[in-house]
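So the structure is just underneath, and the comments pick up after that.
Only the coordinates and a few stated rules stand behind these numbers; no lab work does. All of these numbers come straight from a predicted model, not from anything done at the bench. FYI the Cβ positions are ideal-geometry reconstructions off the backbone, even for glycines, and counts take in every protein chain you see.
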């Protein structure tokens, strides 16, 4: 077995059993792709990106390929028809400089554009030239155990102007549904009186499923999580593309115009979830609101304007929407609320400076001793294990067992 180099903890593994019948079964995930919704950005011929996802036995068909158009980059957005545990990838190209040299994987980020590829990938591989499908790149299965959408970014080749790919094979397991110990916005008819709740809001383009796995990893036995889905709406920032979003975004700078009506409408929908929990027997002081990116922004705004006294609020890689309306817009009920803000210092989408400005604004509205701001060197628009442990520690403090 020979090994190639890769970033993100993977390696390429050469197999001597490429024509074994079981190999074709292993690479059967192409059947679980929703091909009608698969996107390939920067393909020179429309629809050609879909053709590289096919049966293992057809991998040597040189009449089917995708070639990049303006430069060497390609970006595949691949929706699955269920949940996938992705175990490995095979890529076949030409024995030339048009062969991809780097492959980056992103999970559960629907409708990615090239503007989104600045974020940290879930795994990155340096590729070797492979014309027959002998090299497999194993994924970190712990990261790719619940994938409903996969994005593959071909960021560079070996020096040619354009990139050419004949085949991409995906190895793994598919299930119709995956049960988390995290609720995707399903309400219980009757609540356990000792329950604590965390309502966590995902970021732009994601779904509640995107955070269910991460929260399961830090789950506390006495805390239940609710991860609602945002509605699908046109987003100005992304060329009016329809995607999951809590409200419209025109820009990501502190002075960008804001969708005031949309922000307030979204906050009301989250307050409805809080109200449901309170009516169902969960005291508001045992509810934490949290979120990432746009979801974190909505969490901060909702907590500050909420009429219920909450246990705490978590804002990851985010900002305070309609910040100029505060402190007047604050209800005052949550002046003593505990706040945890976390931000990656290498965030290219929402720079850490905006996180710092948000923290200072929150300290001017709330009890400043209750506002924590933590930043993480090298972390981009994402989280890491250290940050998630800080979230867990915060929840243990603000949601003690009854």
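Within region 286-315, list the residues whose amide N lies under 17 Å from a label point set 7 Å along Cα→Cβ of residue 264.
Flagged as within label range: 298, 301-307.
Separation between the residue 143 and residue 34 pseudo-spin-labels, each 7 Å from Cα along Cα→Cβ, expressed in nm?
It works out to 2.5 nm between the two label points.
Taking Cα pairs under 8 Å and at least six residues apart, what relative contact order does region 13-174 come out at, in percent? List each step's numbers first, then the result.
Working: 409 pairs, mean separation 60.3, N = 162.
This gives 37 percent for region 13-174.
Before anything else, pin down the relative contact order of the chain: Cα pairs under 8 Å, at least 6 apart, normalised by residue count, whole percent.
Normalised by residue count, the contact order of the chain is 14 percent.
For region 312-345 and region 363-395, what is the separation of their Cα centres, given in Å?
12 Å
Nearest 10 degrees, 0 to 90: what angle lies between the long axis of helix 352-365 and the longest principal axis of the chain (Cα atoms)?
10 degrees
Using a 7 Å offset from the Cα along the Cα-to-Cβ direction at both residue 336 and residue 243, what is the distance between the two label points in nm, to one decimal?
Simple spin-label model gives 4.1 nm for this pair.
Given that just one value was derived from the coordinates, which of [x] 61; [y] 27; [z] 16 is percent of Cα pairs over 37 Å apart?
Here the calculated entry is [y].
Would you order 246, 211 from fewest to most other beta-carbon atoms within 10 Å of each residue's own beta-carbon?
So the residues, fewest neighbours to most, are 211, 246.
First check a/c for region 196-398, with a ≥ b ≥ c the square roots of the eigenvalues of its C-alpha gyration tensor; if it is under 1.5, answer rounded, and if not, answer prolate when a/b is larger than b/c or oblate otherwise.
rounded
Just want to confirm a number: the relative contact order over region 91-143, from Cα pairs under 8 angstrom separated by 6+ residues, in percent.
50 percent
Please work out the Cα center distance from region 198-255 to region 85-149, rounded to the nearest Å.
Here the two parts' Cα centres lie 24 Å apart.
Quick one: length gained pulling residue 69 to residue 356 fully straight, 0.36 nm per residue minus the C-alpha distance? Don't skip to the end; give the middle numbers.
Numbers: separation 287, 0.36 × 287 = 103.32 nm, distance 4.04 nm.
That works out to 99.3 nm of additional length.
Restricting things to alpha carbons, tell me how big region 13-174 is in terms of Rg and Dmax, in Å.
14.2, 40
For residue 96 paired with residue 160, estimate the spin-label separation in nm (one decimal), with each label point 7 Å from Cα along the Cα-to-Cβ line.
0.4 nm
Sum -39500 (n - 2.57) across every DSSP H segment of at least 4 residues in the chain, then divide by the residue count to get the 222 nm mean residue ellipticity, nearest 500.
-6000 deg cm²/dmol
Which semi-axis lengths, in whole Å and largest first, follow from the square roots of five times the eigenvalues of the Cα gyration tensor of region 355-402?
20, 20, 6
Roughly what angle does helix 385-398 make with the longest principal axis of the chain, taking Cα atoms, 0 to 90 degrees, to the nearest 10?
With rounding to tens, the tilt is 20 degrees.
Could you check what % of the DSSP bridge pairs in the chain are antiparallel, to the nearest 5?
Antiparallel bridges make up about 65 percent of those DSSP assigns within the chain.
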